[in-house]
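Presented below is the structure to which this report refers.
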Amino acid sequence: MTVGHVLEAGVFQSRDTVALARALLGKLLVAGEAGGTVRALRICEVEAYHGEADLACHASKGRTARTEVMYAAGGVWYVYLCYGIHEMLNLVTGPAGQPSAVLIRGLEGITGPGRLTRALGITRRFNAQPAAPATGLWLEDDGFRLTRAAVQATPRIGVDYAGEWAEKPWRFYYTPANG
DNA sequence: TACTCGATCGGA
DNA sequence: CCGATCGAGTAA
């Protein structure tokens with residue numbers, strides 16, 4: 001059961017993670033339980049984390065057990081625990097070997113990276129799983145389009161430790177028409 | 001093995 | 001403003 005068309009992994013393998021982040025705005029995050037409910041919510045806030053040089057990116061520590069998934073080809077999920085409490089949902093992007101990801105920070109009706117995963121029941125069990133209907137968590141395009149003017153860009157949240165990288169305007173969001 | 005701190009949130 | 005809560009990363 002889909003609303004639009006499913007976005008395939010290849011769509012997320014461009015080297016331009018910042019552009020991919022922006023392009024994810026307005027797409028649908030779809031969570032489905034086997035033989036049960038399917039929820040589709042529009043993505044309204046994201047952040048790009050790009051490469052080992054980006055000090056705000058977990059891959060700035062290089063390859064570790066946790067960051068290994070970021071080195072995969074785009075199209076799989078990177079889910080990790082933050083502050084011991086919150087599950088954070090990221091989509092791995094770029095070609096294999098280039099560690100990068102887009103953090104899903106807000107959906108229409110559910111703002112906040114920790115809140116949206118809690119609301120949809122998303123946990124680390126999705127880590128390294130493909131974004132596809134078969135895994136129960138995927139992305140769709142239903143034709144919704146944003147004007148260039150509707151998209152705001154700001155520095156990323158909570159990465160003040162990252163020096164000059166904290167200043168990059170790699171957070172993108174739009175204000176939903178309907179609150 | 002000890003220690004620090006975080007891509008956050010909710011309550012005081 | 002502050003406490004919750006725990007695993008990754010680092011140093012030793």
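The values are calculated or read from the model by the stated rules, or taken from the named source; none is laboratory data. What you are looking at is a predicted structure, and each value in this text was computed from that prediction instead of being measured. So basically every Cβ, Gly included, is an ideal-geometry build from the backbone, and we count neighbours across all protein chains shown.
So which of A:Val3, A:Val46 is closer than 13 Å to A:Trp138 by Cα and out of contact with any Gly (no Cβ under 7 Å at 6 or more places or on another chain)? Spell out how you get there, then give the answer.
On the way: A:Val46 fails: closer than 13 Å to A:Trp138 by Cα.
Among A:Val3, A:Val46, only A:Val3 is closer than 13 Å to A:Trp138 by Cα and out of contact with any Gly (no Cβ under 7 Å at 6 or more places or on another chain).
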Give me the pairs: first residue in region A:117-146 and under 16 Å from A:Val11 (Cβ atoms) and in contact (Cβ under 8 Å) with a residue 40 or more places away in the chain, second residue part of a loop (DSSP other than H, G, I, E, B) and among the hydroxyl-bearing types (Ser, Thr, Tyr), beta-carbon distance under 7 Å, and six or more apart or on different chains, which are they?
A:Glu140/A:Thr2
Filtered residues of region A:106-129 (kept if of a type outside the set (A, V, I, L, M, F, W, C), touching a Leu at 6+ places or on another chain (Cβ under 8 Å) and under 17 Å from A:Ala40 (Cα atoms)):
A:Gly106, A:Glu108, A:Gly109, A:Pro113, A:Thr117
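Residue-by-condition table, conditions (1) more than 11 Å from the chain's Cα centre (by Cα); (2) of a type in the set (Gly, Ala, Ser):
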site	(1), (2)
A:Gly4	yes, yes
A:Glu8	yes, no
A:Val11	yes, no
A:Asp16	yes, no
A:Arg22	no, no
A:Leu25	no, no
A:Val30	yes, no
A:Arg39	yes, no
A:Arg42	yes, no
Go through (1) over 13 Å from A:Ser100 (Cβ atoms); (2) within 15 Å of DNA strand B (Cβ to nearest atom) one by one and return the number of the condition A:Gly36 breaks.
(2)
In region A:1-59, the residues that are closer than 20 Å to A:Pro95 by Cα, of a type in the set (S, T, N, Q) and in contact with a strand residue (DSSP E or B) (Cβ under 9 Å, 6 or more places away or on another chain):
A:Thr17
Which condition number in (1) at pLDDT below 95; (2) under 19 Å from A:Arg22 (Cα atoms) is the one that A:Tyr174 fails?
(1)
Within region A:11-68, restricting to residues that are among the hydroxyl-bearing types (Ser, Thr, Tyr) and either free of Cβ contacts under 8 Å to residues at least 24 places away in the same chain or surrounded by fewer than 19 Cβ atoms within 10 Å (Cβ to Cβ) (or both), the one that is nearest to A:Tyr173 (Cα to Cα) is A:Ser14
Tell me, which residue of region A:140-179 that is aromatic (Phe, Trp, Tyr) and more than 16 Å from DNA strand C (Cβ to nearest atom) is surrounded by the most Cβ atoms within 10 Å (Cβ to Cβ)?
A:Trp170
So A:Glu108, is it surrounded by fewer than 20 Cβ atoms within 10 Å (Cβ to Cβ), closer than 23 Å to A:Val151 by Cα and in contact (Cβ under 8 Å) with a residue 24 or more places away in the chain
yes
